[in-house]
Amino acid sequence: MRPAVCTELTANSETVIDERGDSLTGEDPRSPRHTAALDAPAPAIRPVRLGPIDVPTPVVLSPMAGVTNWPFRVLCEEYGPDGLYVAEMITARALVARNPKALRLCRFASTERVRSLQLYGVNPAIVEQAARIVVDEHMADHVDLNFGCPVPKVTRRGGGSALPWKTDIFTELIRRVVKVCEPANIPVTAKIRVGIDHEHETFLEAGRIAQEEGCAAVTLHARTTAEYYGGHSDWSRIGELKEHLTIPVFGNGDIWGADDALAMIAETGCDGVAIGRGCQGRPWLFADIKHAFEGSDERFNPTLGEVCRVIARHARLLVEFYDGDERMAVHDLRKHIAWYLKGFPVGGSTRKAFMECESLEDVDREIGRLDPTVEFPPRVVDKPRGRVRFAKKVHLPYGWLESRTTSHEERETLFGDDPMDASY
């Protein structure tokens, strides 16, 4: 049974969908997860080709805002296979406006094998301009388009996971970007969700359009916008999309460990997996997946000392990312510290001390106070991480659901100059 959906129209402002989700405690009766998949024979894992790019091991680090800057990508890639490690979402208007933070996020480390960059926007002309900058300035080898973000500040402007509902904008945006990137031999891919809610699903149509307009692959996060990051992702929808398309399909959602990656491919037949929250504080998850895809049972369960060495390296990479500014680097590290230490018996005072660090010296001091012999806590191995709550409400532009295409007036409202689009 689907959750009850209530659509409320707020005059002259926005459309709000309130989808009541199931409790996050206990078993979700709507869970599509099949334990039989875990006992099934290991699936055949084949390389994926995206235009000129070979992806020997079809694993993708999903772009995550505030997380997948190049220091974190480097850590993941050092552990992991020859997959794709995608930069966090770049707002197209900000890139066109040469916003300093946007330009910083477009940086790649010299060691990154494939430079994968994700663009977000609503106005096809602006996203096309951003893609032109990427091409002309040789910023990336691969461009991903974001149609999966469920965050209200994105969807209320018609962006992210709200945009595939408007097939005219969705089609035009992909077409324009592919037209810019194709001559430069830069493959374009798209990240989508199942739909806005279960009454307004878009993934099959969006996948077909993406394929027809020249996308090299599609990644499906198997939740709706209304489901946000709560409950269980419905892997069966990934299987549906795979059957519907001829281009590669990557599955995303609830991959917390290497066995989950194997199970998703076995259950859905998808070509590869995309890892989001599961690797937060665990860049070594990519090592586990590499081993699993090679048929090995080897897994990386680090001691607290090993985790602290990762923390220290991460901190120093962030200093480089912030051009030597230790304070900015250590502030950025704080959220990662919470993930790295998840489950370890270090106490609230230790966590608080890390949150108050202002320099590398402070970080090293707190690391030195920890017992390096503490084993990785079994209770958090392959368990959910990061945000797991339901969004409760989906915020959309006013009247968004009344038509699958946009009127002239809607386009004027959506594409008007909005200074927020160029800021971070």
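Quick one: putting +1 on the C-beta of Lys and Arg, -1 on the C-beta of Asp and Glu, what dipole do you get for the chain around its Cα centre, in Debye to the nearest 20?
Its charge dipole is roughly 540 debye.
Tell me the Rg and the Dmax, in Å, that the Cα atoms of segment 35-157 produce.
16.1, 52
Which of the three applies to segment 334-373, rounded, prolate or oblate, going by the alpha-carbon gyration tensor with a ≥ b ≥ c and a/c under 1.5 meaning rounded?
It comes out oblate by the Cα gyration axes.
Taking only protein heavy atoms and a 1.4 Å probe, what accessible area per residue, in Å², does the chain have with all protein chains in place?
Heavy-atom SASA per residue in the chain reads 41 Å².
Projected onto the charge dipole of the chain (+1 at Lys/Arg Cβ, -1 at Asp/Glu Cβ, origin at the Cα centre), which of 99, 225, 250 gives the Cα projection farthest towards the positive end?
Toward the positive end, the furthest listed residue is 99.
Convert 10 °C to kelvin, take the viscosity as 1.306 mPa s, use the Kirkwood radius over C-alpha pairs of segment 233-324 as Rh, and evaluate the Stokes-Einstein diffusion coefficient in µm²/s, rounded to a whole number.
Rounded to a whole number, D works out at 106 µm²/s.
I need the peptides 79-88, 372-381 ranked by packing, meaning the mean over residues of other C-beta atoms within 10 angstrom, with the highest value on top.
Ranked by mean Cβ neighbours within 10 Å, highest first: 79-88, 372-381.
Can you flag which of 191/290; 166/393; 101/335; 191/352; 166/335; 242/290 are past 26 Å Cα-Cα?
In this structure, 191/352; 166/335 exceed 26 Å between Cα atoms.
Within 10 Å, count the other beta carbons around each residue, average over each peptide in 327-339, 278-290, and list them highest first.
So the peptides 327-339, 278-290, ranked by packing, come out 278-290, 327-339.
Please state the relative contact order of segment 269-347 as a whole percent: Cα pairs under 8 Å, 6+ residues apart?
Contact order relative to length: 30 percent.
Pull up the DSSP beta bridges for the chain and report the antiparallel fraction as a percent, rounded to 5.
35
Tell me which GluC sites (Glu not before Pro) from segment 91-163 have a DSSP coil assignment and no more than 12 other beta carbons within 10 Å of their own.
Within segment 91-163, the qualifying GluC sites (Glu not before Pro) (loop, at most 12 other Cβ atoms within 10 Å) are 137.
Ignoring any ligand, DNA or RNA, what whole percent of the accessible area of the chain comes from carbon and sulfur when the probe is 1.4 angstrom?
Heavy-atom surface of the chain belonging to carbon and sulfur, 1.4 Å probe: 50 percent.
Would you tally the net charge around residue 173, using a Cβ to Cβ cut-off of less than 14 Å, leaving residue 173 out, and scoring K and R as +1, D and E as -1?
Summing Lys and Arg as +1 and Asp and Glu as -1 gives +3.
Is the shape of the chain rounded, prolate or oblate, going by the alpha carbon gyration tensor and its root eigenvalues a ≥ b ≥ c, with a/c under 1.5 for rounded and a/b larger than b/c for prolate?
rounded
In a shell of Cβ-Cβ distance under 11 Å around residue 410, excluding residue 410 itself, what net charge do Lys and Arg (+1) and Asp and Glu (-1) give?
Local charge sum for residue 410: -2.
The values are calculated or read from the model by the stated rules, or taken from the named source; none is laboratory data. Keep in mind the model is a prediction, meaning the values are calculated, not measured. Quick reminder, even Gly has a Cβ in these numbers, built from the backbone with ideal geometry, and neighbours come from all protein chains shown. Side chains are part of the model used for accessible areas, which takes the heavy atoms of the whole protein and leaves out ligands, DNA and RNA. Shrake-Rupley method; radii C 1.70, N 1.55, O 1.52, S 1.80 Å.
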